[in-house]
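Shown next, in structure tokens, is the structure this report addresses.
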Amino acid sequence: MSENLGRRDVLAYTGIALGVTAVAGCQTYGKPPAAASQAPPPAPDGGAKTDGGPAKTDGGLVKTSAVPVGSGVIVGEVVVTQPTAGVFKGFSTTCTHQGCAVTTVADGTINCPCHGSKFNLDGTVVQGPAKKPLAVKAVQVQGDSIVLG
Ligand code: FES
């Protein structure tokens, strides 16, 4: 009797062992081809380099064409304006009131969000509480770009 139970036990354990092997086998062979599914898709434009934005230039602050006449753009810590066609000016974004960063150029003024100061496109104060103009950052046109200097 105990010999029969022993046989059954052996068969049962063998079945479990085979089942585990079969499951393990499925896990090994059932894996999807991970390397193929993780490869990046090909670039739709044939691999053209992107530099983080259409307005930026290699080594320059911004393309001249990205600075509207009678307005300006903020590039990092520099405000670049074009008060009249072909005339570009640069200023620090640090507001002269209490040091907030100006954040917008709209309706012909450079605007500080903290207490409402507004500056002309030449950096002078339009509306306080700021009393001093924005600090000048020298910029120049180099090719089709605006560069510091
Ligand atoms: Fe700009 Fe006060 S810090 S208005």
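What follows draws every value from the coordinates through simple rules; no lab data is involved. Being a predicted model, the structure only gives us computed values, none of them experimental. Note that we place each Cβ from the backbone using ideal geometry, even for glycine, and neighbour counts take in every protein chain shown.
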Inset, instruction - Please specify each residue of the stretch 126-137 satisfying the condition of being over 7 Å from His97 (Cβ atoms) and within 8 Å of the ligand (Cβ to nearest atom). - result: Gly128
Inset, instruction - From (1) at positive phi; (2) surrounded by 16 or more Cβ atoms within 10 Å (Cβ to Cβ); (3) more than 16 Å from the ligand (Cβ to nearest atom), pick out the condition that doesn't hold for Gly123. - result: (3)
Inset, instruction - Output the residues belonging to the stretch 67-88 that are in contact with a Phe, Trp or Tyr (Cβ under 9 Å, 6 or more places away or on another chain) and either under 12 Å from Phe119 (Cα atoms) or within 16 Å of the ligand (Cβ to nearest atom) (or both). - result: Gly72, Val79, Thr81
Legend entry - Which numbered condition Phe91 misses (of (1) within 23 Å of Asp144 (Cα to Cα); (2) under 28 Å from the mean Cα position of the chain (by Cα); (3) away from the ligand (no atom under 16 Å from the Cβ)): (3)
Inset, instruction - Would you check if His97 is crowded, with 17+ Cβ neighbours inside 10 Å, touching a residue at least 12 places away in the same chain (Cβ under 8 Å) and assigned to a loop (DSSP other than H, G, I, E, B)? - result: yes
Inset, instruction - Out of the residues in the stretch 71-91 that are at negative phi and not in a strand (DSSP E or B), state the one that is surrounded by the most Cβ atoms within 10 Å (Cβ to Cβ). - result: Phe88
Inset, instruction - Considering each residue of the stretch 105-120, count those that are surrounded by fewer than 16 Cβ atoms within 10 Å (Cβ to Cβ) and part of a strand (DSSP E or B), and give that number. - result: 1
Inset, instruction - Within the stretch 94-110, work out how many residues are near the ligand (Cβ under 9 Å from one of its atoms) and touching a Phe, Trp or Tyr at 6+ places or on another chain (Cβ under 8 Å). - result: 1
Legend entry - Matching residues, the stretch 73-86, being touching a strand residue (DSSP E or B) at 6+ places or on another chain (Cβ under 9 Å) and not charged (D, E, K, R): Val73, Ile74, Val75, Val78, Val79, Val80, Thr81, Gln82, Pro83, Gly86
